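Contents: one structure, followed by commentary.
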Amino acid sequence: MAEVLPVRLYGDPVLRRKARPVQDFSSVAELAENMVETMFEYGGVGLAAPQVGMATRLFVAAEYSFEEEEAEADEGAHPRSMLKNLYVMVNPRITYREGTQVGTEGCLSIPGVYSDDVPRDLQVRVEYQDVTGEPRELEAEGYLARVIQHELDHLEGVLFLDRIPPELRRPFMEEHRAELAEMQRKAKAFLRDLKARQG
Ligand code: NI
């Protein structure tokens, strides 16, 4: 049975660490399964391992059979029945990028905070390994390309907030100051509890 894992919040240092490459694939399938379960439970379109406290180079992403505009208009509602493709990407890297797009992003680690001003490459080619270590390649554009870039950023300790152009970022951070401070407080409390439970 796949397990829903707690999602780490903004302020948790694991979200700022550069993740390590996966070398041992023995527990990758199980971790990926739990991450997929967690992504569905939280209503996300992607989830990277650091968001569940694992600083390893792995993320999951879902593609749904409704339009991007509907998905954006209905944040958090991504029913499993509408799933078109599910990706598990281990040790991913972008080997080709072209064009630009500006669009809306949020993050399960920064709940309730969205920016409409996140620039990304329009098309990407990503090389990665599947859960068994087999090399794979995917070309993506538009919304899926955006999701892949967002998740790959997580493996570098980068959040979508960091991608907002500087002149817009300052007012954005100011606008969401209280929410972000509350997340940082919760992240600290979570880590305190975790430490206490682990003795
Ligand atoms: Ni995210």
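For the chain, report the accessible area per residue in Å² (1.4 Å probe, heavy atoms, rounded to an integer).
53 Å²
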> Taking only pairs that are 8 or more places apart or on different chains, how many Lys pairs in the chain have Cα atoms under 29 angstrom apart?
Replying inline: 4
> If you average 1/r over all unlike Cα pairs in the stretch 85-144 and invert the result, what Kirkwood radius do you get in angstrom?
Replying inline: 13.0 Å
>> List the residues, sorted by chain then number, that are 5 or more residues from G53 or on another chain and whose placed amide H is less than 5 Å from its amide H.
In response: R8
> Per-residue accessible area for L138 at 1.4 Å probe radius, Å² rounded to 10?
Replying inline: 30 Å²
> Of all DSSP beta bridges in the chain, what percent run antiparallel (nearest 5)?
Replying inline: 95 percent
>> Quick check on the stretch 13-198: what does the Kirkwood estimate of hydrodynamic radius come out to from the alpha carbon pairs, in Å?
In response: 17.1 Å
> Of the residues V90, V22, V36, which exhibits the maximal mean-square fluctuation in a Gaussian network model of the chain defined by a 10 Å Cα contact cut-off?
Replying inline: V22
> trypsin sites (Lys or Arg not before Pro) within the stretch 115-166: which are DSSP loop residues with at most 10 other Cβ atoms inside 10 Å?
Replying inline: none
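Can you give the FRET efficiency for S26 and E137, using 1/(1 + (r/R0)^6), R0 = 30 Å, r = Cβ-Cβ distance, to the nearest 0.05? Intermediate values should be presented prior to the final figure.
Working: r = 24 Å, r/R0 = 0.80.
Efficiency, rounded to the nearest 0.05: 0.80.
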> Between K18 and E98, how many nm apart are label points set 7 Å from Cα along the C-beta direction?
Replying inline: 3.0 nm
>> Using the Karplus curve 6.51 cos²θ - 1.76 cosθ + 1.60 with θ = phi - 60°, what ³J(HN,Hα) values do you get for each residue of the stretch 188-197, in whole Hz, with x for Gly and Pro?
In response: 4, 4, 4, 5, 4, 4, 4, 4, 4, 5
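The values are calculated or read from the model by the stated rules, or taken from the named source; none is laboratory data. Remember, predicted model here, so these are calculated numbers, not experimental data. Methodologically, a virtual Cβ is constructed for each residue, glycine included, from the backbone with ideal geometry; neighbour enumeration extends over all protein chains shown. Areas reflect the complete protein model, heavy atoms only, side chains present, ligands, DNA and RNA absent. Shrake-Rupley method; radii C 1.70, N 1.55, O 1.52, S 1.80 Å.
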